[in-house]
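Okay, structure first, notes after.
The values are calculated or read from the model by the stated rules, or taken from the named source; none is laboratory data. As the structure is a prediction and not an experimental result, all values here were calculated from the model. Here Cβ is always computed from backbone atoms with ideal geometry, including for glycine, and neighbour counts include all displayed protein chains. Please note that ligands, DNA and RNA were not included when accessible areas were found on the heavy atoms of the full protein model with its side chains. Shrake-Rupley method; radii C 1.70, N 1.55, O 1.52, S 1.80 Å.
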Amino acid sequence: MSKVQYQAAQKQYAALGVDTEKAIKALQKISISMHCWQGDDVGGFENAGALTGGIQTTGNYPGKARTPEELMADIDKALSLIPGKHRINLHACYAIFEDGKKVERNKLEPKHFRKWVEFAKKRHLGIDFNPTFFSHPLADGLTLASEDPRVRKFWIEHGICCLKIAEYFGKELGTPCALNFWVPDGLKDEPSDRFGPRKRLKESYDKIFKYKYNKKLVVPTIESKLFGIGAESYTVGSHEFYMGYALKNNLLCLLDTGHFHLSENVADKISSLLLFSGKVAFHVSRPVRWDSDHVIRFNDDVRACAHEIVRNGPENFIIALDYFDASINRIAAWVLGMRNMQKALLEALLEPRETLKALQDARQYTEQLVLQEELKTYPMTAVWEEFCARAKLPANECWMKDVLEYERDVLSKRA
Ligand code: RNT
Ligand code: ZN
């Protein structure tokens with residue numbers, strides 16, 4: 001494709017009142033938080049053993065990162081193929097113990113993330129963060145909602161450590177750190193007491209957020225879920241739990257697109273939440289039959305969310321990705337998902353929003369339907385190509401050549 005095709009597309013969109021230059025500039029400004037855990041199947045650096053918490057990676061594609069150096073190199077490779085400036089999303093279990101002395105999760109300190117800060121500073125990246133309430137001997141089904149006060153105490157302390165580490169990231173990098181809380185707490189079979197664990201979860205969070213974190217540096221978000229493996233019947237932190245907690249305590253809800261019934265429309269939830277809390281956070285994921293965490297595709301679900309994000313002002317959203325496919329090249333998984341999210345946002349940015357809204361309000365539903373459908377085959381690819389060209393990157397599958405070279409030269413050498 002060429003400049004000529006971009007100019008033709010520009011004209012076609014202009015006829016609808018859409019400015020492609022504005023769309024490109026707007027897309028350049030949207031940062032997506034790329035999750036480090038796709039690089040090593042949610043392993044982390046504690047050598048803790050199995051992944052727990054009712055989540056699972058499947059597959060054993062060769063070449064996963066085994067050390068901080070390898071993970072950082074892989075992140076670099078991925079980011080080099082993604083247009084735009086983004087952020088990285090870390091988990092507490094990715095702490096780096098530089099002196100070799102491992103500390104417990106309730107004793108983690110900013111210094112254990114010094115290397116990540118150094119990494120991010122050099123590349124002008126922001127860092128987002130997550131406490132890790134799984135893959136740990138004290139995370140046996142229940143953490144913050146545990147009936148055992150010692151277990152709760154341990155995880156409350158972990159939560160507070162993470163608020164402090166998030167403050168450190170925000171301060172060092174000059175951009176607020178989104179700190180997302182997700183706990184796996186749930187039960188395999190029908191509970192006799194649904195209220196008790198939820199009350200304990202609430203009280204535990206109250207204790208964590210009693211720590212007066214700097215609101216300019218940290219933006220806490222709380223993530224709900226429907227079920228997990230081994231916790232099929234009851235999840236303590238349900239959507240209602242977190243929606244209630246967030247609204248009452250001035251926190252942000254995080255919607256993981258894999259954490260709802262498969263027939264629910266997650267995009268539809270956004271506008272309601274926005275009305276009452278101003279901002280919404282996302283874990284964009286792809287549930288296939290269950291919360292499978294497949295790499296996101298450019299599909300209707302992702303496109304619908306992107307449309308809502310753009311219609312309501314991208315600055316009102318925290319967009320992070322959350323998936324972990326161990327059956328394919330992990331660098332490609334990152335690049336593809338990030339680029340798919342960007343494509344979905346671009347498509348939304350090219351929507352003649354005011355025209356469509358006016359048609360809805362005038363009840364011209366036929367015209368609205370026709371325009372919505374015709375728009376789907378407008379030449380968005382020419383605009384995407386231009387966006388990528390300005391970032392000096394290929395707009396098509398050519399980037400995979402680079403990934404395969406890296407696989408041959410680097411990944412395949414990892415035993
Ligand atoms: C699990 C949640 C959670 C995790 C990450 C690793 O179902 O989606 O966000 O995927 O924190
Ligand atoms: Zn998630």
Review point. Going through segment 108-131 one residue at a time, which ones are under 16 Å from ILE88 (Cα atoms) and assigned to a loop (DSSP other than H, G, I, E, B)?
Key: HIS124, LEU125, PRO131
Point to revise | Condition broken by ILE318, with the remaining ones in (1) surrounded by 21 or more Cβ atoms within 10 Å (Cβ to Cβ); (2) among the hydrophobic types (A, V, I, L, M, F, W, C); (3) in contact with a helix residue (DSSP H, G or I) (Cβ under 9 Å, 6 or more places away or on another chain) satisfied | key: (3)
**Study point:** Filter result (touching a residue at least 12 places away in the same chain (Cβ under 8 Å) and surrounded by fewer than 17 Cβ atoms within 10 Å (Cβ to Cβ)) within segment 353-390
**Key:** ARG353, GLU354, THR355, LEU371, GLN372, THR381, ARG390
Review point. So ILE229 fits all but one of (1) under 19 Å from the mean Cα position of the chain (by Cα); (2) β-branched (Val, Ile, Thr); (3) open to solvent by 10 Å² or more (accessible area, probe 1.4 Å); what number is the exception?
Key: (1)
Point to revise | Failed criterion for LYS212 (all others in (1) part of a loop (DSSP other than H, G, I, E, B); (2) basic (Lys, Arg); (3) crowded, with 19+ Cβ neighbours inside 10 Å hold) | key: (3)
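One line per residue, one yes/no per condition, for (1) within 16 Å of ligand 2 (Cβ to nearest atom); (2) modelled with pLDDT under 95; (3) closer than 20 Å to LYS22 by Cα; (4) not hydroxyl-bearing (Ser, Thr, Tyr):
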| position | (1), (2), (3), (4) |
| --- | --- |
| PHE282 | yes, no, no, yes |
| TRP290 | yes, no, no, yes |
| ASP293 | yes, no, no, yes |
| PHE298 | no, no, no, yes |
| ALA304 | no, no, no, yes |
| ARG311 | no, no, yes, yes |
| GLU315 | no, no, yes, yes |
| ALA320 | yes, no, no, yes |
Exercise for review: Report, by residue number, each residue of segment 252-271 that is within 15 Å of PHE317 (Cβ to Cβ) and either surrounded by 13 or more Cβ atoms within 10 Å (Cβ to Cβ) or within 15 Å of ligand 1 (Cβ to nearest atom) (or both).
Suggested key: LEU252, CYS253, LEU254, LEU255, ASP256, THR257, VAL266, ALA267, LYS269, ILE270
Check your understanding: Can we say ILE156 is touching a Pro at 6+ places or on another chain (Cβ under 6 Å) and either of a type in the set (Ser, Thr, Tyr) or over 24 Å from PHE282 (Cβ atoms) (or both)?
Key -> no
